[in-house]
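Taking it in order: structure first as structure tokens, then the write-up.
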Amino acid sequence: MKILVVGGGGREHAIIKKLKENPKVTEIFACPGNGGIAKDATCVDIGAKDIPAITDFAVENKIDFCVVAPDDPLVLGCVDALEAKGIPCFGPNKNAAIIEGSKVFSKNLMQKYNIPTADYAVFADPKEVIEYIRKKNEFPTVIKADGLALGKGVIIAQNLEEAEDAVKSIMEDKMFGESGNHVVVEEFLTGPEVSVLAFTDGKAMVPMVSSMDHKRALDGDKGLNTGGMGTVAPNPYYTKEIADTCMETIFLPTMRAMNAEGRTFKGCLYFGLMLTPKGPKVIEYNCRFGDPETQVVLPLLKTDLLTVMQAVHDETLSELSVEFSDEAAACVIIASGGYPKSYQKGCVMDFGKAETLPDVIVYHAGTALKDGTLVTSGGRVLGVTATGKDLETALQKAYAAIEEIHFDGAFYRKDIGQRALAARK
């Protein structure tokens, strides 16, 4: 089988490495891929949003199956375009990807179908937003751009001044472009956060191992918000009892709600959850695998990934037993100095023995090949993942591997997984 994976980050590298385990897979292409992915797949210089070029490439190269991984091409209808040409895909079509593409849509869906989430209001006029926030006078308050914003479209305002700045940035300065035409203002929820990815074919829902993300750039959850500086799985706060509650009150109701709206969701549905004192609530949905959550969840998947993805496409997921290891996994991101603001590119990397250590996988997120040498090309450069019998072991192995890796300006958090370890005590 010839496989095409759309995307070029750490998540896509994790998917490609897992797909390679299937003996039927003879060739994998990545659009556009990256320097590290080039070791595991043939990288094609086509951007993930260039849907006509992706479709032409897939047809010309007789691709047997395609995995569309990032949010942008999914929301733009990449799956629709490929399937119209007879190429089976893993990923939701455009009318289902709206669950991430529009926060207004997803909040209204949850309200309509009684899926627990934060109280909210939707606005198209900046003056009305400020008036509403001023009248409510509840801080912190959460302000979200309606559309996609590279995972950065959420601002938590601690006071009125910050709220006014946020509204101006999103709605008037258009820092996220058209995504800021509407905003959602939400109540601020408290409690442990949990990420749960789930395979669904619109008929069955199979949650994967839970995980805990670390969004802030610096130790102690300080610094700016990032796309994620590391993650661990499973999440100790996510007990069997809570998992059962989520299945009954959130996961299955979401699947049924999308079916009822004529927007059947087939692919990976990501649930960002807050375990509040009043029970689990949805913070956000994503229409795809999370990044870097994928880098800890897929190494624990025992069932063949391509088989699962094909079952999702064929709507036969209920006939498959999807199994996960009962081990733990930890992923620590090594980033470029200055991330998430401006950072240097083109730094040469030395991996030492990192890639040969047992139970360690080095996923490439922002790397490129320059004259045959791997150099940095992004803010989040590498995701160093390790598995172990428990979280302590996985973390020890991941940090031991990180000590082997060097490039100018490299930095990483030293406290990934510490909250999870504390929660178990």
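The values are calculated or read from the model by the stated rules, or taken from the named source; none is laboratory data. Predicted model only: the values in this text are computed from it and were never measured. Heads up, the Cβs are rebuilt from the backbone with ideal geometry, glycines too, and the neighbour counts pull from every protein chain shown. To get the accessible areas, we keep the full protein, side chains included, count just its heavy atoms, and leave off ligands, DNA and RNA. Shrake-Rupley method; radii C 1.70, N 1.55, O 1.52, S 1.80 Å.
Just to be sure before I move on: is Phe29 touching a Leu at 6+ places or on another chain (Cβ under 9 Å), assigned to a strand (DSSP E or B) and either without any contact (Cβ under 8 Å) to a residue 12 or more places away in the chain or surrounded by fewer than 24 Cβ atoms within 10 Å (Cβ to Cβ) (or both) in the structure I sent? It is true that Phe29 is touching a Leu at 6+ places or on another chain (Cβ under 9 Å), assigned to a strand (DSSP E or B) and either without any contact (Cβ under 8 Å) to a residue 12 or more places away in the chain or surrounded by fewer than 24 Cβ atoms within 10 Å (Cβ to Cβ) (or both). Determine, yes or no, whether Ala97 is at pLDDT 95 or above, open to solvent by less than 10 Å² (accessible area, probe 1.4 Å) and either basic (Lys, Arg) or more than 22 Å from Lys2 (Cα to Cα) (or both). Yes; evaluated as a whole, the condition is true for this residue. Note on the stretch 322-403: enclosed strands (runs of 3 or more DSSP E) holding 1 or more residues that are closer than 22 Å to Ile37 by Cβ and open to solvent by 30 Å² or more (accessible area, probe 1.4 Å) are 360-364, 367-370, 373-376, 380-388. Is it fair to say Lys39 is over 24 Å from Arg263 (Cβ atoms), touching a residue at least 24 places away in the same chain (Cβ under 8 Å) and open to solvent by 10 Å² or more (accessible area, probe 1.4 Å)? So Lys39 does not fit the description; no. Applying the condition of being in contact with an Asp or Glu (Cβ under 7 Å, 6 or more places away or on another chain) and not charged (D, E, K, R) to the stretch 217-237 and asking which residue is modelled with the highest pLDDT yields Thr231.
For the stretch 57-83, residues that are in a helix (DSSP H, G or I) and under 17 Å from Gly267 (Cα atoms) total 12.
Residue under question is Lys112, and the condition is that it be open to solvent by 10 Å² or more (accessible area, probe 1.4 Å), free of Cβ contacts under 8 Å to residues at least 24 places away in the same chain and either aromatic (Phe, Trp, Tyr) or farther than 19 Å from Ala30 by Cα (or both); does it hold? In short, no. Annotation: Lys144 fulfils all but one of (1) under 24 Å from the mean Cα position of the chain (by Cα); (2) open to solvent by 30 Å² or more (accessible area, probe 1.4 Å); the unmet one is (2). Looking at the stretch 168-218, which of the residues that are of a type in the set (A, V, I, L, M, F, W, C) and part of a loop (DSSP other than H, G, I, E, B) is surrounded by the most Cβ atoms within 10 Å (Cβ to Cβ)? If we take residues in the stretch 168-218 being of a type in the set (A, V, I, L, M, F, W, C) and part of a loop (DSSP other than H, G, I, E, B), then Met208 is surrounded by the most Cβ atoms within 10 Å (Cβ to Cβ).
Scanning the stretch 1-26 for residues that are open to solvent by less than 40 Å² (accessible area, probe 1.4 Å) and farther than 16 Å from Ile361 by Cα gives Ile3, Leu4, Val5, Val6, Gly7, Gly8, Asn22, Val25. Cβ-Cβ contacts under 7 Å between residues 6 or more apart (or on different chains), taken from a first residue in the stretch 1-16 that is on the phi < 0 side of the Ramachandran plot to a second residue that is open to solvent by less than 10 Å² (accessible area, probe 1.4 Å) and charged (D, E, K, R), are listed as Val5/Glu12.
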